[in-house]
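Asker: First, the structure itself, so that you have it in front of you.
The values are calculated or read from the model by the stated rules, or taken from the named source; none is laboratory data. The structure displayed is predicted, hence computed values, not measured ones. FYI the Cβ positions are ideal-geometry reconstructions off the backbone, even for glycines, and counts take in every protein chain you see. Surface accessibility is based on the protein's heavy atoms, side chains included, excluding ligands, DNA and RNA. Shrake-Rupley method; radii C 1.70, N 1.55, O 1.52, S 1.80 Å.
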Amino acid sequence: MKKHAACPCLSDPEAPVGFFDSGVGGLSVLRAARRALPRENMIYFADSAHCPYGGRSSGFVRSRSLAITRFLLARGAKAVVVACNSASEAALEHLRRSFPGLEFVGIEPAVKVAQRLSRNHRIGVLGTSLTLGGERFSRLLENFAAGTEVYSQPVAGLVESIEAGRLDDPRTDAIIRRNLRPLLKKGIDTLVLGCTHYPVIKERIAAACGPGVEVIDTGLPVARQLRRRLGARNLLRLSLGAGRIEYFSSGEPAVVAPVMRAIMADPSLRVIRRAP
Ligand code: DGL
């Protein structure tokens, strides 16, 4: 396996934190990180030209993750947040081995939290086929779901709907309802959003679940983990003033930018096209 040379920015607190996802979903993580770490400079990469990752092979997602990490490093990233459950499932271990000096923060469905919160010990997990069919996820269930019934539901079409900007649309609601039905029939009282796209429409998912189900996502715990990891390496940016955020995508900015603006509630957001 090829190891990659360390970069001087790995010890510079001014350097940005890189985030990536197959598309706009990882913005749900970036938003939480921005709240927890407002001074940090950040770079976001949406691999929109190859979205969705959820139905792809692990090998494909791994090679995209390597290429994007190289791009983020070339832009000076001091740490990388894999803001995608599918890429964390397919590539996180490989990325850590390939870039040994670099801090990676990954994401996984919040089964541990759900297990603590659930009163009836029945939880549902929505995610992509790649995440829910993967080894990391089955290890997570083995280690943290003892005594709990976990019903996982691979969701088709929802990522595409969000990428298309159908955030407030009956077609998106129909996909949500269709995929929740089998979980609600099992009587779940806790639902894990196991794909970073879904928190973008968390209110709609919660409304479709009804008041008896708690819906949880992983943005905030990931942001806290990032803060701990940067702190442990003396990499927290201490300069006063809000950090800068730059947005890149392998897709067409005219298509991607309006969706990103809606999610970030920032009409001035600009997207630069890059094809690592
Ligand atoms: N947002 C991603 C995840 O958390 C990827 C979804 C996809 O591209 O299928 O899994």
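Asker: Mind checking whether some residue in segment 22-44 is among the acidic types (Asp, Glu), within 16 Å of the ligand (Cβ to nearest atom) and open to solvent by less than 10 Å² (accessible area, probe 1.4 Å)?
Answerer: No, segment 22-44 contains no residue that is among the acidic types (Asp, Glu), within 16 Å of the ligand (Cβ to nearest atom) and open to solvent by less than 10 Å² (accessible area, probe 1.4 Å).
Asker: Determine whether residue 70 is in a helix (DSSP H, G or I) and more than 23 Å from residue 154 (Cα to Cα).
Answerer: Criteria met by residue 70.
Residue-by-condition table, conditions (1) crowded, with 21+ Cβ neighbours inside 10 Å; (2) under 25 Å from residue 47 (Cα atoms):
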site	(1), (2)
109	yes, yes
123	yes, no
134	no, yes
153	no, yes
201	yes, yes
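Asker: May I pose another question? Across segment 136-151, what is the total count of residues that are within 21 Å of the chain's Cα centre (by Cα), open to solvent by 70 Å² or more (accessible area, probe 1.4 Å) and in contact (Cβ under 8 Å) with a residue 12 or more places away in the chain?
Answerer: Looking only at that region, the number is 1.
Asker: I'd like to check something: does segment 236-257 contain any residue that is of a type in the set (S, T, N, Q) and more than 18 Å from residue 162 (Cα to Cα)?
Answerer: Yes.
Asker: Find the strands (runs of 3 or more DSSP E) located wholly in segment 155-258 whose residues include 3 or more that are closer than 23 Å to residue 120 by Cβ, and list them. Lay out the reasoning, then the answer.
Answerer: Working: elements: 190-193, 214-216, 245-249.
Hits in segment 155-258: 190-193, 214-216.
Asker: What are the pairs, 6+ residues apart or on separate chains, where a residue within segment 166-195 that is buried (at least 17 other Cβ atoms within 10 Å of the Cβ) has its Cβ under 6 Å from a residue that is among the hydroxyl-bearing types (Ser, Thr, Tyr)?
Answerer: Filtered contacts from segment 166-195: 166/172; 172/161; 183/151; 189/118; 190/118; 194/131; 195/128.
Asker: Among the residues of segment 211-223, are any crowded, with 21+ Cβ neighbours inside 10 Å, more than 20 Å from residue 264 (Cβ to Cβ), within 14 Å of the ligand (Cβ to nearest atom) and not hydrophobic (A, V, I, L, M, F, W, C)?
Answerer: No, every residue in segment 211-223 fails to be crowded, with 21+ Cβ neighbours inside 10 Å, more than 20 Å from residue 264 (Cβ to Cβ), within 14 Å of the ligand (Cβ to nearest atom) and not hydrophobic (A, V, I, L, M, F, W, C).
Asker: Now a separate question. Does segment 47-65 contain at least one residue that is open to solvent by less than 30 Å² (accessible area, probe 1.4 Å), more than 16 Å from the ligand (Cβ to nearest atom) and at pLDDT 95 or above?
Answerer: No; the residues of segment 47-65 include none that is open to solvent by less than 30 Å² (accessible area, probe 1.4 Å), more than 16 Å from the ligand (Cβ to nearest atom) and at pLDDT 95 or above.
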